[in-house]
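This report concerns only the one structure given below.
Values in this text are rule-based calculations from the coordinates and carry no lab data. Because the structure is a prediction, the values reported are computed rather than measured. Here the Cβ positions follow ideal geometry from the backbone for every residue, glycine too, while neighbour counts run over all protein chains shown.
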């Protein structure tokens with residue numbers, strides 16, 4: 001697999017991972033006091049990263065799925 005295709009397969013996972021982190025940050029931001037605004041800023045920064053990664057993915061031609069070998073198994077009747 002070409003490196004660019006690997007990147008096209010990885011970026012969607014990175015975006016999802018960042019989204020999960022941002023959601024966790026926001027959950028913690030609700031639990032704390034003084035640091036709340038900075039935690040929210042960190043979550044917003046991940047949103048900006050995801051925006052940039054989506055544009056990179058578009059520039060590369062969109063997502064590509066890594067082909068998994070077919071799973072063959074026999075059913076015994």
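Miscellaneous remarks
- Global form of the stretch 10-53, assessed from the alpha-carbon gyration tensor, a/c cut-off 1.5: oblate
- With the cut-off at under 18 Å, measuring from each backbone N in the stretch 31-67 to a point 7 Å along the Cα-to-Cβ line of residue 7 picks out 49-66.
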